[in-house]
Structure formats: C-alpha cells, structure tokens
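Here the structure is laid out as structure tokens; the discussion comes afterwards.
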Amino acid sequence: MNTVYILWLRQLKRYFRSKSRIIGSLGQPLLFLVALGFGFGPVFQRAGEGNYISFLVPGVISMSIIFTAVFSGIEVIWDRQFGFLKETLVAPISRLNIMIGRTLGGATVAFLQGMIVFILSFLVGFRIKNGIYFIFLALLFMFLIALLFTALGTAIASVLKDMQGFQLIVNFLLMPLFFLSGALFPFEGLPKVFEIIIRFNPLAYGVDGLRGCLSNGFHFGLHIDLLFLSLIAVAFLTIGAYLFSKIEI
C-alpha cells in the first residue's frame, strides 16, 4: 500500500506543479459554460425546459473530468519513453499496486479539475437545488467518472507506444461518448437509435447521476446510475490492470 500512496502522491505533485496545465484545462469547460449556457439558454427556456445553465453544468463538469482523466494515461507512454516506467516495473513491487496508485492519482487529479469547474459554475449563475446528502452523492459520481476514465486511459496507453496514436484514439472515443451522453441536450425526443446508443454509454449514467443530484432531474434513476457506473468502473479497472501487467519493457 506504500507504493500506491507514493504513486498517488506523485500524480498530485505533477498536477500542482504545473499551473499552466491547471489554467489551460479550464479553457474549454468555461467556453462551453459561457458560450452555450448564455447562447442556448433563451432557446432552451422558450422550449419549456427551464434553466439551461442548471442543465448544462453537470455535463460540463463531466467533460472536464473525462478529458483530464483519460489524458493522464499519456504519462504511461511518457514514462516508458524516458525510462522511468522501466525503473518502476523492475522494482520488487506488484504491477497491480503500481497501476492502482497511478489510476487513483489520475482520478484524484481529474476529480479536482471537476471541482474547480463546479466552483466556477456558480459565477455564471448555477445553483444547487438539492440538499447536502445529494451533494455528497454528486461528489461520488464525479469520482466514479474520474476513476472509470482514468482506468480507460491507462488501458489504452498500456498497448500503445507513441503519444500521437494515443491522442488520435482517445479523441475518436471521447468525443462520441461526450456528445452522446446527454451532457448538452435532453434525452427526451431523440430518435430510437440514439436512445439505444446512449443506454450503452457509461458516461450517460455519470452525467445523469450528477445532474439528478445537483439539479433534481434523474432520467434513469439514482440507483441505476450508481450501480451501472460502479460496475463499469470496476470492469475498466480490471481491464486496465490486466493490460498494464502485460507491458513489455
């Protein structure tokens, strides 16, 4: 467990040392909040759907988390290229502990990034509609999303050796997952094919759970969101641990 703690702490130190990374990663979420929130807000309200900022914020928080979480996997490729990963893997410690430590560290960084966006969202008019119990549940959903996508990033990085390939594959996966998660538009009234795709999208359950906890509007239901997201997170952690254990140095 000491190895897990050291690797977790190392990820956090990397994050807090890079102020430009923290600031730069906030650009896209803030752009979505301001441009989409105020741009589509009147249209959304005239359609009878209520406040678009309240609807949008959980989706933007999720976006910030998943991009930070998945791209933490690129550090595996970076460490492999510069020899740090080899030094770590030849040490007399379990590769499972190494993977868990890196994943928890990446998930914590992504969670903190989501928290920053969550706090900044109050500046554009977002307000929480539920009590303290649901706020803690929202934090749980945020961490589960971070854990799931950090494990996904580690799994992808474990089978790739170049950063360009990683970025291409990740963007190819993340953009459809994000846009088909209900982050930007309601589930109601969609064509059947999109409804089916959304039901198999793990991020949809994270966004729905987060939105339900913060804005009082579950689509699938709290227990279904929590159960499905937890199971998928465990599955990706298992896959990521297996692929990481097969890395050749």
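The values are calculated or read from the model by the stated rules, or taken from the named source; none is laboratory data. Fair warning: this is a prediction, and the values are worked out from it, not measured in the lab. When we count neighbours, we look across all protein chains shown, and the Cβ atoms used for this are built from the backbone with ideal geometry, even at glycine.
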Can you pull out the residues in the range 105-143 that are under 23 Å from Val34 (Cβ atoms), surrounded by 18 or more Cβ atoms within 10 Å (Cβ to Cβ) and small (Gly, Ala, Ser)? Ala110, Gly114, Ser121, Ala138
Quick one: which of Gly165, Gly153, Gly131 is closer than 19 Å to Phe236 by Cα and modelled with pLDDT under 95? Gly153
Could you list all residues from the range 180-219 that are farther than 21 Å from Gly131 by Cβ, in a loop (DSSP other than H, G, I, E, B) and either touching a Leu at 6+ places or on another chain (Cβ under 8 Å) or not small (Gly, Ala, Ser) (or both)? Leu180, Ser181, Ala183, Leu184, Phe185, Pro186, Phe187, Glu188, Leu190, Pro191, Phe200, Asn201
If you check Phe149 against the conditions, is it closer than 25 Å to Thr103 by Cβ, out of contact with any Ser or Thr (no Cβ under 8 Å at 6 or more places or on another chain), in contact (Cβ under 8 Å) with a residue 40 or more places away in the chain and hydrophobic (A, V, I, L, M, F, W, C)? yes
Yes or no: Gly165 of a type outside the set (Asp, Glu) and closer than 20 Å to Phe218 by Cβ? no
Is it the case that the range 177-191 has a residue that's over 30 Å from Ser245 (Cα atoms), surrounded by 13 or more Cβ atoms within 10 Å (Cβ to Cβ) and of a type in the set (Asp, Glu)? no
Within the range 73-83, identify whether any single residue is surrounded by fewer than 16 Cβ atoms within 10 Å (Cβ to Cβ), farther than 25 Å from Ser181 by Cα, without any contact (Cβ under 8 Å) to a residue 12 or more places away in the chain and of a type in the set (Asp, Glu), and answer yes or no. no
List every residue pair whose Cβ atoms sit under 7 Å apart, with the two residues 6 or more apart in sequence or on different chains, where the first one lies in the range 231-244 and is more than 10 Å from Leu96 (Cα to Cα) and the second, anywhere, is assigned to a helix (DSSP H, G or I) and among the aromatic types (Phe, Trp, Tyr). none
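Table: residues versus (1) in contact (Cβ under 8 Å) with a residue 40 or more places away in the chain; (2) among the aromatic types (Phe, Trp, Tyr); (3) more than 22 Å from Glu248 (Cα to Cα).
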site: Phe141; (1), (2), (3): yes, yes, yes
site: Gly153; (1), (2), (3): yes, no, no
site: Val159; (1), (2), (3): yes, no, no
site: Gln164; (1), (2), (3): no, no, no
site: Ile169; (1), (2), (3): no, no, no
site: Leu174; (1), (2), (3): yes, no, yes
site: Phe178; (1), (2), (3): yes, yes, yes
site: Ser181; (1), (2), (3): yes, no, yes
site: Leu184; (1), (2), (3): yes, no, yes
